[in-house]
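Encoded as structure tokens, the structure appears first; notes follow it.
The numbers here are math on the coordinates, done by the rules we state, and not lab data. On a predicted model such as this, the values are computed, not experimentally measured, just so you know. Neighbour counts run over all protein chains shown; Cβ positions are idealised from the backbone, glycine included.
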Amino acid sequence: MKHLLINLFPSSKSIYYLWLLLNITMDTMDQSEKRKWRPLERMFNEVPGRYDLLNRIITLRLDERWRKKAVRECLDGNPDSILDLCTGTGDLVLRMAANVNGETSVHALDYSEPMLKVARKKADKKGLGKIEFVHGDAADMPYETETHDAIGIGFAFRNLTYKNPDRDIFLGEIYRVLKTDGRFVIIESSQPSGKVLKVLFRFYLRVFVAGLGGMISGHMGAYRYLAASARNFYTPDEVRKLLLSAGFKKVIHKSLSGGIAGLTVAIK
């Protein structure tokens, strides 16, 4: 590229400014491309105050029970370091921090600063100042290779993987920062196996998630996306194959509440 510019524009000053402009343009395009996979970013930045309320309403508070199970899996074996990935307003990491021993370091990462602000306030209110909150990208985490004994993620795994062109980048980064024999614990919506429950689940997604969630939040598009991605998300077997192909040596899945949610534990 530089040689082509030199031939077209022999002036060194012209070359410098053209090269600078080209780099700025490419950087801007790169940032734009990185944000294409984030259809919920605007919602996460604008409605953090209503996010917890919506979770409680939409799941009929079942999400709290599911998170308790995830925390138990994350804390199995008394880990030295744990991470809540895509922590949002901190529901999962707060439970982690409240149940760890004094030696365990607790970390939380999210790309939404407004969400993290809510999470920090909740942690301070509960006296859980030990949590290290980080504003960062799950595709490029600021942790050394094999840092964490356990990584938990609550209802964000499908955002990273479902129809996401950067899916393999996210999975590779999760695998990188997890220690050998470490646990990647996923709480996510799932596909009920029974025909009747599947019909009811789809009705629930359309009415409660897309309709009620969109109305309360003021972001109909975002909650339609949540409902559609939950309705069409991978089956437990597809999730297992995806994680095994990413390098994990063992994957265990447990159905929750009749299969409308699932707890998946992948061992590195």
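Data overview
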quantity: Extension reserve of the residue 135-residue 68 stretch, reckoned as 0.36 nm per residue once the Cα distance is removed; calculated: 21.7 nm
quantity: Euclidean distance between Cα centres, segment 82-96 to segment 157-211, Å; calculated: 16
quantity: Given charges at Cβ of Lys, Arg, Asp, Glu: segment 41-267 dipole, positive-most of 219, 204, 119; calculated: 204
quantity: Pairwise label distance in nanometres, residue 245 with residue 232, each label 7 Å out on the Cα-Cβ vector; calculated: 1.8
quantity: From the C-alpha gyration tensor of segment 41-267, square roots of 5λ in Å; calculated: 26, 21, 16
quantity: Net lengthening on full extension, residue 53/residue 164 (0.36 nm per residue, minus Cα-Cα); calculated: 37.2 nm
quantity: Amide H within-cut-off set for residue 152, under 5 Å, with H built and near neighbours excluded; calculated: 83, 84, 85, 185
quantity: Test item: Cα-centred dipole of segment 183-268, Lys/Arg +1 and Asp/Glu -1 on Cβ, debye; calculated: 220
quantity: Most positive-pole-ward Cα, 189, 96, 248, against dipole of segment 41-267 from beta carbon charges; calculated: 189
quantity: Rounded to whole Hz, the Karplus (6.51, -1.76, 1.60) HN-Hα couplings of segment 176-192, x for glycine and proline; calculated: 5, 7, 8, 6, 4, 6, x, 10, 9, 10, 10, 10, 8, 4, 9, 10, x
quantity: Fraction of the pair-distance distribution of segment 193-268 above 17 Å, Cα-Cα pairs, percent; calculated: 54
quantity: From phi via Karplus (6.51, -1.76, 1.60), per-residue ³J(HN,Hα) for segment 102-113 in Hz, x at Gly/Pro; calculated: x, 8, 7, 8, 10, 10, 9, 10, 7, 8, 9, 5
